[in-house]
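Down below is the structure, laid out as structure tokens.
The values are calculated or read from the model by the stated rules, or taken from the named source; none is laboratory data. Worth saying up front: this structure is predicted, and the values here are computed from it rather than measured. Cβ placement follows ideal geometry from the backbone for every residue including glycine, while neighbour counts extend to all protein chains displayed.
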């Protein structure tokens, strides 16, 4: 019961932060801060849950906290740099236009849902850290290896996209360089792959099913709910037929050799 109260306290703290940030986005008209808050918030909760809440092996808790701390800090600072440098993400700008007078009530609910999701996606760290088997076993090493591979892939894909966007010559074009040649969303793919690390590290945990459920839920969210669908709708609005050709040639999520590359796009 005590652990549940602490988990709920983590969610409540994030909910308060999201309410404050909702007021800030109302004033600045830039809802991109919700993504920054989710990354930092999930990372902080994950560290707290692994070190201060879970009752498993201490060494394993430190490993998990280090992994999620680095992941959350890297993603949070990357997204923050975009929010500070660029105008509001086209997805949120379109949402404002579509909602009209209902924009702020819906935005408040959206920010609060993000707080709930922050708790939900920090639970795998708590669950994995409940394992009491002596660290470090073979599955821990495999989990660490997957985390390193996924983290590297996410950093590389974000950097490639960022460099492409910052080149004025690429305005209105579709990024098909590097990893983006093999997947339309390599950043999302490696983000999803990263969560498998906690599945492997938490194999011996009595709450192992929470880590497995997180992988399934993350996949559904990225491919069906908040990730790819809205990103691709915005890409079509801003790049039109160029992005439709990209959709025809390149896998949406899992990296694979493209069937064809439009000669009008950089390769």
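Please determine, by comparing only the residues of region 81-109 that are buried (at least 16 other Cβ atoms within 10 Å of the Cβ) and at pLDDT 95 or above, which one is farthest from residue 188 (Cα to Cα).
Filtering first and then ranking leaves 108.
Regarding region 227-239, can at least one residue be identified that is buried (at least 16 other Cβ atoms within 10 Å of the Cβ), modelled with pLDDT under 95 and either at positive phi or outside any helix (DSSP H, G or I) (or both)?
So far as region 227-239 goes, yes, one or more of its residues are buried (at least 16 other Cβ atoms within 10 Å of the Cβ), modelled with pLDDT under 95 and either at positive phi or outside any helix (DSSP H, G or I) (or both).
All but one of (1) within 17 Å of the chain's Cα centre (by Cα); (2) surrounded by 15 or more Cβ atoms within 10 Å (Cβ to Cβ); (3) within 26 Å of residue 33 (Cβ to Cβ) hold for residue 196, so report the exception by its number.
All conditions pass for residue 196, except number (3).
When you scan region 119-139, do you find a residue that is closer than 25 Å to residue 245 by Cβ and assigned to a helix (DSSP H, G or I), even just one?
No: zero hits.
Considering only residues that are surrounded by 21 or more Cβ atoms within 10 Å (Cβ to Cβ) and under 17 Å from residue 55 (Cβ atoms), which ones fall in region 199-216?
Hits for region 199-216 are 201, 202, 205, 211.
All but one of (1) within 23 Å of residue 110 (Cα to Cα); (2) surrounded by fewer than 20 Cβ atoms within 10 Å (Cβ to Cβ); (3) touching a residue at least 12 places away in the same chain (Cβ under 8 Å); (4) more than 15 Å from the chain's Cα centre (by Cα) hold for residue 10; which doesn't?
Of (1) within 23 Å of residue 110 (Cα to Cα); (2) surrounded by fewer than 20 Cβ atoms within 10 Å (Cβ to Cβ); (3) touching a residue at least 12 places away in the same chain (Cβ under 8 Å); (4) more than 15 Å from the chain's Cα centre (by Cα), only one is false for residue 10: (2).
Which residue, of 73, 15, 54, 50, is within 21 Å of residue 124 (Cβ to Cβ), within 20 Å of the chain's Cα centre (by Cα) and buried (at least 21 other Cβ atoms within 10 Å of the Cβ)?
After ruling out the rest, the residue left standing is 50.
Would you please name the residue that is nearest to residue 81 (Cα to Cα), looking only at residues in region 19-38 that are more than 17 Å from the chain's Cα centre (by Cα) and surrounded by 17 or more Cβ atoms within 10 Å (Cβ to Cβ)?
Here the residue is 30.
Any residue at all in region 144-163 that is in a loop (DSSP other than H, G, I, E, B) and exposed (fewer than 15 other Cβ atoms within 10 Å of the Cβ)?
Checked against the condition, which is being in a loop (DSSP other than H, G, I, E, B) and exposed (fewer than 15 other Cβ atoms within 10 Å of the Cβ), region 144-163 yields no hits at all.
Of the numbered conditions (1) over 16 Å from the mean Cα position of the chain (by Cα); (2) in a helix (DSSP H, G or I); (3) modelled with pLDDT of 90 or more; (4) closer than 18 Å to residue 161 by Cβ, residue 244 satisfies every one except a single condition; which is it?
So the condition that residue 244 fails would be (4).
Give region 57-70 a look and list any residue that's surrounded by fewer than 22 Cβ atoms within 10 Å (Cβ to Cβ) and within 14 Å of the chain's Cα centre (by Cα), or say none.
69, 70, listed by residue number.
Any idea how many residues of region 164-190 are in a helix (DSSP H, G or I), touching a residue at least 60 places away in the same chain (Cβ under 8 Å) and either within 30 Å of residue 139 (Cβ to Cβ) or within 15 Å of the chain's Cα centre (by Cα) (or both)?
So the count comes out to 4.
Taking the conditions exactly as written (surrounded by fewer than 18 Cβ atoms within 10 Å (Cβ to Cβ) and over 22 Å from residue 248 (Cα atoms)), does residue 177 satisfy them or not?
So residue 177 fails the test.
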